[in-house]
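Peer 1: One structure, pasted below without further comment.
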Ligand SMILES: [Zn+2]
């Protein structure tokens with residue numbers, strides 16, 4: 001396993017970084033750092049990542065499409081590559097808070113996101129859903145968001161079961177570019 005630094009019983013540390021080398025292999029998931037650091041629940045607009053995201057560039061925020069009343073963004077903590085979130089621009093917590101117009105666009109963006117992800121990466125299925133409230137499992141309960149998770153046969157391996165860890169095979173930047181580029185061309 002030389003690519004991970006541990007070669008047989010000889011361990012090399014070319015960078016002489018602090019820490020004691022050991023036999024464990026690391027699954028590096030630096031994108032999870034923000035999640036681990038987050039300790040306070042999001043309540044208001046000012047500390048809400050879904051309110052802040054549209055104020056930055058698409059590349060910085062991993063936004064794939066901006067609609068009139070809602071936008072589509074990559075999940076920073078994807079269950080699979082191409083895991084998208086549809087969010088209204090308004091900071092509202094509940095599905096029933098959407099206006100008629102927002103509901104229509106929210107649904108249309110969900111459908112389009114599925115078509116685009118199908119065209120880009122050909123999943124064999126999807127999980128769609130909204131976790132409502134902290135008790136319902138929402139990480140950011142204060143701002144409504146719909147999950148769109150593409151699924152492939154065999155995409156669930158032992159990692160999430162034994163370690164709460166998921167191996168992601170593509171970088172978020174690559175996925176954002178693919179989905180954003182395909183957004184307007186897919187029928
Ligand atoms: Zn918000």
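The values are calculated or read from the model by the stated rules, or taken from the named source; none is laboratory data. Just so you know, these numbers come straight off a predicted model, no measurement behind them. Cβ: placed from backbone, ideal geometry, glycine included. Neighbour counts: every protein chain shown.
Peer 1: Sort out which residues of the range 151-174 are modelled with pLDDT of 85 or more and either on the phi > 0 side of the Ramachandran plot or out of contact with any strand residue (DSSP E or B) (no Cβ under 6 Å at 6 or more places or on another chain) (or both), and write them in order of number.
Peer 2: Across the range 151-174, the qualifying residues are 152, 173, 174.
Peer 1: Check residue 109 against each of (1) more than 15 Å from the chain's Cα centre (by Cα); (2) surrounded by fewer than 19 Cβ atoms within 10 Å (Cβ to Cβ) and name the one condition it does not meet.
Peer 2: Answer for residue 109: the failing condition is (2).
Peer 1: Which condition number does residue 94 fail, the rest of (1) surrounded by fewer than 17 Cβ atoms within 10 Å (Cβ to Cβ); (2) modelled with pLDDT under 90 being met?
Peer 2: Going through (1) surrounded by fewer than 17 Cβ atoms within 10 Å (Cβ to Cβ); (2) modelled with pLDDT under 90 one by one, residue 94 breaks only (2).
Peer 1: I would also like to ask the following. Determine whether the range 11-22 contains at least one residue that is more than 16 Å from the ligand (Cβ to nearest atom), at pLDDT 95 or above and over 30 Å from residue 155 (Cα atoms).
Peer 2: no
Peer 1: Answer yes if at least one residue in the range 63-74 is under 16 Å from residue 51 (Cα atoms), out of contact with any helix residue (DSSP H, G or I) (no Cβ under 8 Å at 6 or more places or on another chain) and either surrounded by 16 or more Cβ atoms within 10 Å (Cβ to Cβ) or at pLDDT 95 or above (or both), and no otherwise. If you could, list the steps in order and put the result at the bottom.
Peer 2: Residues of the range 63-74 under 16 Å from residue 51 (Cα atoms): 63-74.
Filter once more, so that each one left must be out of contact with any helix residue (DSSP H, G or I) (no Cβ under 8 Å at 6 or more places or on another chain): none.
No: zero hits.
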